[in-house]
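One structure is given here, and the rest of the page talks about it.
The values are calculated or read from the model by the stated rules, or taken from the named source; none is laboratory data. Just so we're clear, the structure is a prediction, and the values are computed from it rather than from any experiment. Reconstructed Cβ throughout: ideal geometry from the backbone, glycine too, with neighbour counts over all protein chains shown.
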Amino acid sequence: MATNIVYNDGDRLAVVCTQPATPASGDPVLFGQLPGVALTSEHSDGTTSVQFEGVAELSVIAHNGTAGAAVAAGDVVYYDSAATPVLNVNTSGVRYGIAMEAVTSGATSTIQVRIGY
């Protein structure tokens, strides 16, 4: 067996998130270009425990950065730190995951999102 493996699974790690500045438990987060969901709020050392795989219920706005744009199940969802909420279909953001449910154009809904795909 390889002796240089640090973790068998890298799906839950404590990292310093690049977005948002101070994550709270349940927030969609980024570690560079790697998307995840904060399992804890940011610790005093600046790290946050993050889940990097799986499916989470997250707030998504059906907007492409310019206008309302419906989200269909199977669509790619992006992390756009300038938007509220930060998950949408604006391709200028960081690829976050796949919408498992639909959102009507211009609406904001909490839907299941497969993280990191």
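Values computed for the structure shown
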item: Single residue of the range 99-117 satisfying the filter (at pLDDT 95 or above and either of a type in the set (D, E, K, R) or closer than 9 Å to Val76 by Cα (or both)) that is nearest to the chain's Cα centre (by Cα); result: Arg114
item: Number of positions in the range 19-39 that are farther than 20 Å from Ser59 by Cβ and polar (S, T, N, Q); result: 1
item: Output for the range 1-29, where each listed residue is of a type outside the set (D, E, K, R) and either touching a helix residue (DSSP H, G or I) at 6+ places or on another chain (Cβ under 7 Å) or not in a loop (DSSP other than H, G, I, E, B) (or both); result: Leu13, Ala14, Val15, Gln19, Pro28, Val29
item: Members of the range 84-117 found to be aliphatic (A, V, I, L, M) and closer than 17 Å to Val37 by Cβ, listed by number; result: Val86, Leu87, Val94, Ile98, Ala99, Met100, Ile111, Val113, Ile115
item: Cβ pairs under 9 Å, 6+ apart, first in the range 10-23 and in contact (Cβ under 8 Å) with a residue 60 or more places away in the chain, second among the polar types (S, T, N, Q) and surrounded by 12 or more Cβ atoms within 10 Å (Cβ to Cβ); result: Gln19/Ser81; Pro20/Ser81
